[in-house]
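Visitor: Mind having a look at this structure? Questions to follow.
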Amino acid sequence: MKNAAALSGHQPAAAPAAGQSVSAGDLSTRDRVTHLLLERGATTAAQLGSALGLSPAAIRRHLDAMLADGDVVARDQTVRGHRGRGRPAKVFLLTDAARVRCGTHHYDNMATAALRWIAHNGGAEAVEAFAADQVATLEARCRAAMEDAGDDPLARAEALAGALTAEGYAANASTIASGGQLCQHHCPVAHVAAEFPQLCEAETAVISRLVGTHVQRLATIAHGDGVCTTHIPAQPGRAQSGKTVTTVRTDR
């Protein structure tokens with residue numbers, strides 16, 4: 001799998017619609033909203049406003065402009081378990097076009113065409129072999145970066161988050177009641193993996209080998225989720241601290 005460029009520097013915001021005047025402050029704020037959505041995935045207006053220190057009216061103004069420009073889409077928030085009365089809150093996600101402007105999905109058309117050729121001439125097994133070969137070098141670099149992480153899967157997941165962030169995946173790891181989870185907020189091959197899930201499967205296998213235990217992919221950007229989320233089951237006999245471990249960011 002090709003490596004992502006690190007998410008460094010300040011990416012330009014979308015250009016204003018025709019006939020619309022946008023101040024420098026608006027562009028800066030929209031840039032911040034864009035990077036927050038890239039990092040967090042599906043997020044409510046209230047969460048965005050709180051994180052950015054904006055009033056509900058101010059964040060709504062920016063989101064409405066981004067909706068009009070096609071930079072974000074709004075969906076009903078998924079609520080697990082019992083839900084109270086009333087409509088669910090709306091969550092906002094970056095569109096594919098906005099992700100492209102953040103530096104993602106380079107050379108997608110060529111990569112997809114190449115994999116289609118491989119699938120046509122070599123079949124599914126050839127695609128799987130190609131995917132495994134592409135993540136092999138990534139696995140080697142991450143393993144070297146995790147050399148001092150120890151044997152605990154959750155500690156290794158934290159170290160892996162740092163290694164993946166250095167590769168441009170904007171990753172973080174956290175402990176939860178059922179074990180831990182590794183989140184990747186950026187995927188360099190999301191469009192290609194949407195057609196060829198073997199890329200995601202090969203990457204999941206790498207994560208499993210690197211953390212040293214079975215893992216389960218719960219969500220992927222390639223399938224329309226805001227974040228790639230991998231669950232790491234709790235290990236028998238290991239106490240869970242319940243605290244969030246270090247979050248490593250590359251958007252600043």
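The values are calculated or read from the model by the stated rules, or taken from the named source; none is laboratory data. The structure presented is a predicted model; accordingly, all values stated were derived computationally and were not measured. Cβ: placed from backbone, ideal geometry, glycine included. Neighbour counts: every protein chain shown. To get the accessible areas, we keep the full protein, side chains included, count just its heavy atoms, and leave off ligands, DNA and RNA. Shrake-Rupley method; radii C 1.70, N 1.55, O 1.52, S 1.80 Å.
Visitor: Between E128 and R61, what is the FRET efficiency for a Förster distance of 45 Å, r being their Cβ-Cβ separation, to the nearest 0.05?
Guide: 0.40
Visitor: To continue, here is another question. Between T137 and N109, how high is the FRET efficiency from 1/(1 + (r/R0)^6) when r is the Cβ-Cβ distance and R₀ = 22 Å? Nearest 0.05.
Guide: 0.40
Visitor: A follow-up question, please. Report the gain in length on full extension from A68 to L52: 0.36 nm times residue separation, minus Cα-Cα distance, nm rounded to one decimal.
Guide: Value of the extension gain: 3.7 nm.
Visitor: Which net charge results for the neighbourhood of Q184, defined as the other residues with beta-carbon distances under 11 angstrom from its beta-carbon, given Lys and Arg at +1 and Asp and Glu at -1?
Guide: -3
Visitor: Just add up the charged neighbours of S208: K/R +1, D/E -1, any other residue whose Cβ is under 14 Å from the Cβ of S208.
Guide: Around S208, the surrounding residues sum to +1.
Visitor: State the extension gain, in nm to one decimal, for the chain segment bounded by E147 and K90, taking 0.36 nm per residue of separation less the distance between their alpha-carbons.
Guide: 16.3 nm
Visitor: With every protein chain kept in place and ligands, DNA and RNA left out, what is the accessible area per residue of the range 139-233? Probe 1.4 Å, answer in Å².
Guide: On a per-residue basis, the range 139-233 sits at 35 Å².
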